[in-house]
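Scroll down for the structure; my scribbles are underneath it.
The values are calculated or read from the model by the stated rules, or taken from the named source; none is laboratory data. Please read all numbers here as calculations on a predicted model, not as lab measurements. Reconstructed Cβ throughout: ideal geometry from the backbone, glycine too, with neighbour counts over all protein chains shown. For accessibility, only protein heavy atoms count, side chains too; no ligands or nucleic acids. Shrake-Rupley method; radii C 1.70, N 1.55, O 1.52, S 1.80 Å.
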Amino acid sequence: MDFQVVVLAGGFSKTLDPLVSQEVPKALLPVANRPVISYVLELLEQNDLKNAIIVVEGKTAADLISSWISSTIDDDRLHVEVAVVREDVGTADALRSIDHRLTAKDILVVSGDLVTDITPGAVAATHRRHDAVVTAMLCSIPVSGSSDTGSAGAKDKSKKAGRYNIIGLDPTKQFLLHIAAGAEIEKDIRVQKSILRAVGQVEIRADLMDAHVYAFKRSVLQDVLNQKETFRSLKRDVLPYLVRSQLRSELVLNGAQSDENGNGTDAMQNSKVMLSQLLTNASMPSFHEICALGPDGLAPDLKKTHKCCVYIANKNKYCARLNSIQAFSDINRDVIGDANHLSGYTFSAHNNIIHPSAELGSRTTVGPQCMVGEGSQMGDKCSVKKSVIGSHCRIGSNVKIVNSVVFNHVTIGDGCSIQGSIVCSNVQLQERATLKDCQVGAGFVVTAGSDYKGESMAKKEKQ
Amino acid sequence: MAAKKGNRGGGGDAEEELTRVPLQAVLLADSFATLFRPITLERPKVLIPLVNAPMIDYTLAWLESAGVEEVFVFCAAHSRQVIDYLKNSKWIDQPNFTVTTIESHNSTSAGDALRIIYERHVIHGDFVLVAGDTVSNMSLTDALKEHKERRRKDSNAVMTMVIKQSKPSAVTRQSRLGTEELFMAIDPDTKQLLYYEDKADVRKGMISLEKELLFDNSSISLHNDKQDCYIDICSQEVLSLFTDNFDYQHLRRHFVKGLLLDDIMGYKIFTHEIHSSYAARVDNYRSYATISKDIIQRWTYPLVPDIQFFGNCATKLERQGKYRASDVVLSRSAQIGPFTVIGNGTKIGNYSEVSNSVIGEGCLIGSNVSIDGCYIWDNVTIEDGCKLKHAIACDGVIIKSGAVLEAGVVLSFKVIIGQEFVVPAYSKVSLLEQPLKQDSDEELEYADNSSGNIEFTSIYDEPERLEEKLRTELSNSQVQATSEVGDGGVGFIWSVSEGGHEDEWRHSVAPIPADKLVEIIKSATEELELSNQDGNILPPSGELGPDSVDNDSDEDARDDSAHFNKEVEATFIRAVEENHKEEHVILEVNSLRLSYNLTSSDCTGALFYAMMKYASDMPHGSSGELLKNVANVTAKWKKLLKYYLPSIDEEIEVILKFEEMCLEESTKELSPLFMQILNLLYNNDILQEEAILNWASEKEEADEADKHFLKQAEELIQWLKNASEEEEE
């Protein structure tokens, strides 16, 4: 497939403090003991998308990711390049800076923090079928958590419902007619009448999530990025711009192409358009074509239009982005729980994974939907429920771990209790420490007998 | 029976289930509009024949077949004629179907009508509200059932509106019925109506929905492809709501919008979409033509000419949609084209051609006459060699030989068109002189006290007096009138009021001419370009960001003043559009000020903002035109603004507000005109030189970036300074 994939992997995201550290950029945060970016790369590989550019913010993060890739990814199956951009640039800027590397006809932009089982191939196919300039992948807003524990979380989410994207679709749910993102969501919903007139009916939805997977026509993307220098973000600037101007396109679509291919391609192009019409399986031409032709053929000049499409994933597909601490816990829980087909592991009869090299003391129980990594040791009478424990951890006796994520090389003393918390690598928990809803940054030492609730702890970095 | 009704009025829920409530309907036999003038000056609209039967018969026949048992016919204009007609019709003695008339002489709107009906205490439950010009064959069963079910769950669901798929033309932005495009937002699951915009504000390229709507519904359908059938199923509350809100006039503009905006009472309106059945309203000449064609093409079955559903004459359907009454005298050489109805006793001469037309009873059509797309009523005489295209000729019209009616002509009762006379396109001819006080249609429709309308109803109510008046008038004016409609002709050609002329083609029976279409397309493209530009101006996310994040503390205060500004703006626009007096606006603004607890200088700022915004929202091509707009607005509303400028401080506030506006996205266009407008305000005595100079000196100390406008206005300030110095010397 003539698709080039750009994976936006970010850098050391501030929102994920204290989980990210100088050793672990966002892309390498573990989800069920694998870096989160590996989920995206695996997905690409499965979809036969063989060329990917991973855009990383900052040199340090890039080096870390490069070394991880060279150690794990087989270059024959997936050719990955890592590109470094400045820190804190917008997504549009990031693409601008790798502009010269983009050569394929269409570009698939994927967020590196995506954990999903929706195939990007489907997005690419939709994109091609409609000959669209942009195709965005949308999925239903995840129902938070498994039913029994996540009730509090679910309440939170429903309150926030208004904060998701506001998306306008045509009745066939193929075209994107309106999108409001970022701060615009806080304002009233404003829909262009001209688009509504052309389509007749627009469905405004607030229950769809933009999965940050976009297919762009390369020439269009580059034109827009070059012409609109103020555009910072793909989601907030480029996509809304393309959606807004779809009935009055300022883009040079076919012109640019025929320049490349010479003059003889006009007939080909026409047949392509015909084909795309047939494939949209609409007996009538889409509103874009009607609008372009003008009513009754009376239009004084042909209006240019372009198509913005959507691919709406099936409701039962999993799709989440690791962009907050809450999301990190949720995704870890889901990947070894409800969405365990994503993890790539085979689960035992007890619906959990305990690495053969892990050692469990007597009367220690590991419940379903749990994972214990390579070489970890646990003392006696421990209890683990719905948690992920990394590799080479040393856990004492009488330890309770519930709804938590424990990274690698963590030492946990006797009698500790960890609930709903995230414990990063090399953390030391001394005896009888109690954590509830806490995040502990890498290398931190929790003193014996201490009791924390809802706190975020990190080692002070030497500056 | 009466006792039972009283019980039900008291509202026993269980009882209501058991006792059968007769289904009631309110039929408004007056559209409270003037789109059918001049015809409606002499005959009420509901008695206008539609394919040779009065409109009201279609409505009543449908109501009867839909199971309505009691109809209250509300008559205002020409009420005598309506009542007399009904008295002599078969509707009066139908089993299980009672028609009661309610007469009123001082109602000028649907709101008034419903208030009167409320006072009569005749409605005892859910009722159907329709206008007397509705043609439909829909079944009410489903809509009623839905309505009742919703009512049981939620007593706030007061109304169910019937809608139908009909996409307006993308070019003319009107539906095939000639009505303006309609924007609606509907909840796809509950079918609740969330937004309604019928007289679309062309200047706004955006629909804005309140974001709160999405908190309750995860999805909303926005529609531009639906037509409002003006068939409503209402609960009793609707009547009392009209009584409570005595300023509600129009059913849609006031009532529906009022309920949608009001979130205190929480009343809800729902929609019911019909798919296969027919429902439409004869609202203007275009819908008159469209619906006539629909009837001929049998979309309205069983309400078609060859079925006797009321007092209409038996006609026979022939091939190609030709309907012919029994004793029509047709010359052998006459050609009758498809989709034509010819009424009883009509004679058509040699070599005449008739197509796509309706011809009434007792008409005399000579030879070599060509009639296409016309609606000829009863007893019309058309002499040899006339050419008629897309015209309406009322009862008793005489068209003398060789005359030509161009597209869109309307000839009112008994008009005589002279020999060889060519009636220009879209003209309206009547024996009555055009009323001098010409309110525009729309204003009349919901004016608070439309004196013109009352006058007409009272004068023309009594047919005898009318006749008398006509006769005297005729003898007096005949000489003068003849010249207007040709040799031997009688009638006045109504001049179309200014501005209205432009739109005449929109609502006429004639199809829209091709050159008009091209014109519209051109302007539409330009507009699209404009709106696209607007879109581009939209700031990139970076600029929007801080706006929503910062200042948590005084957000409330800001919110309040933003609301206040919005309200003032709305008040002002209403004042302009409905021509309120300054005092009223002042009263309203003052009460707003009190309710928001703000100072009077806030009013000054808000009002000024509203004026400038209004001026910049008016269509304009160049900045010169914009300046003219501003000048017009300020000149007109000077007094109002002056009221809020008691001291220099307020005047400075105005300048500061103006500066703010120039930086704002939506009104950015004003910024290059900063000095000109400042000068204009000075010349109009709105700003005194002291205010401008104070402002200038205040600004001197500001940041360099802030001085942009100061520099722009430098010239003016310098001049003012010099002038004042001279004075001092």
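Annotations for the structure displayed:
- Ordering of B:253-265, B:176-188 by packing [mean C-beta count within 10 Å, highest first]: B:176-188, B:253-265
- Listed residue (A:Ser450, A:Ile422, A:Gly367) projecting farthest to the positive dipole end of segment A:351-457, Cβ model: A:Gly367
- Computing FRET efficiency as 1/(1 + (r/R0)^6) for B:Lys636 and B:Gln297, where r is the C-beta to C-beta distance and R0 is 56 Å, gives about 0.65.
- Virtual spin-label span in nm between B:Met618 and A:Ser70, 7 Å along Cα→Cβ: 7.2 nm
- Look at the stretch A:228-235: the mean tally of other chain Cβ atoms within 10 Å of its residues' Cβ atoms is 2.
- Accessible area per residue, Å², segment A:351-457 with all protein chains present, probe 1.4 Å: 41 Å²
- Other protein chain Cβ atoms within 10 Å, averaged over every residue that makes up B:207-214: 6
- Surface composition of segment B:390-436: carbon and sulfur atoms hold 58% of the protein heavy-atom accessible area at a 1.4 Å probe.
- Summing +1 for each Lys or Arg and -1 for each Asp or Glu among the other residues whose beta-carbon sits under 13 angstrom from that of B:Ser221 gives -2.
- Distance violations [Cα-Cα > 32 Å] among B:Lys90/B:Lys257; B:Lys45/B:Lys400; A:Lys59/A:Lys400; B:Lys581/B:Lys711: B:Lys90/B:Lys257; A:Lys59/A:Lys400; B:Lys581/B:Lys711
- Cα-based equivalent ellipsoid, segment A:351-457: semi-axes from gyration tensor eigenvalues, Å: 19, 13, 13
- Under-5 Å amide H pairs with A:Gly361, H placed in peptide plane, nonlocal only: A:Met378, A:Gly379
- Rounded to the nearest whole Hz, the Karplus-based 3J(HN,Hα) values (6.51 cos²θ - 1.76 cosθ + 1.60, θ = phi - 60°) of segment A:328-335 follow the sequence 4, 5, 4, 5, 4, 5, 5, 5, with x at glycine and proline.
- Neighbours of A:His355 by Cβ distance under 14 Å: Lys/Arg scored +1, Asp/Glu scored -1, total -1.
- Positive dipole terminus of segment B:353-405, leading residue within B:Asn379, B:Cys363, B:Ile392 (C-beta point charges): B:Ile392
- With the simple spin-label model, which puts each label point 7 Å out from Cα in the Cβ direction, the A:Ala448 to A:Lys381 separation comes to 1.8 nm.
- Using the Karplus relation 6.51 cos²θ - 1.76 cosθ + 1.60 with θ = phi - 60°, the per-residue 3J(HN,Hα) values for segment A:49-61 come to 9, 9, 10, 9, 10, 9, 9, 10, 8, x, 5, 4, 5 Hz, with x marking Gly and Pro.
- Accessible surface of segment A:351-457, 1.4 Å probe: 43 percent of it comes from carbon and sulfur atoms.
- Here the relative contact order of segment B:354-433, from alpha carbon pairs under 8 Å that lie six or more residues apart, stands at 21 percent.
- Ranked by how many other beta carbons lie within 10 Å on average, peptides A:103-111, A:225-233 from highest: A:103-111, A:225-233
- Isotropic mean projected area of the C-alpha convex hull, segment A:1-91 (nm²): 5.9 nm²
- Hz values of 3J(HN,Hα) by residue in segment A:437-442 - Karplus curve (6.51, -1.76, 1.60), Gly and Pro given as x: 6, 10, 10, 10, x, 4
- Long pairs among A:Lys50/A:Lys105; B:Lys211/B:Lys657; A:Lys381/A:Lys436, criterion Cα-Cα beyond 18 Å: B:Lys211/B:Lys657; A:Lys381/A:Lys436
- Close amide-amide hydrogen proximity is noted between A:Gln439 and A:Ile422, A:Glu455, A:Ser456, A:Met457, each under 5 Å apart and 5 or more residues distant or on a separate chain (H modeled in the peptide plane; Pro and chain starts excluded).
- Relative contact order of segment A:351-457, pairs being alpha-carbon contacts under 8 Å that are 6 or more residues apart, as %: 16 percent
- Averaged over B:222-231, number of beta-carbon atoms from partner chains that fall within 10 Å: 4
- Under 5 Å from the amide H of B:Asn156 lies no amide H of any residue 5 or more positions distant or on a separate chain, with H modelled from the backbone and absent for Pro and chain starts.
- Cβ-Cβ FRET estimate between B:Ser219 and A:Gln46, R0 fixed at 30 Å, reported to 0.05: 0.40
- Summed over both chains, the contact between A and B buries some 4000 Å² of accessible surface at a probe radius of 1.4 Å.
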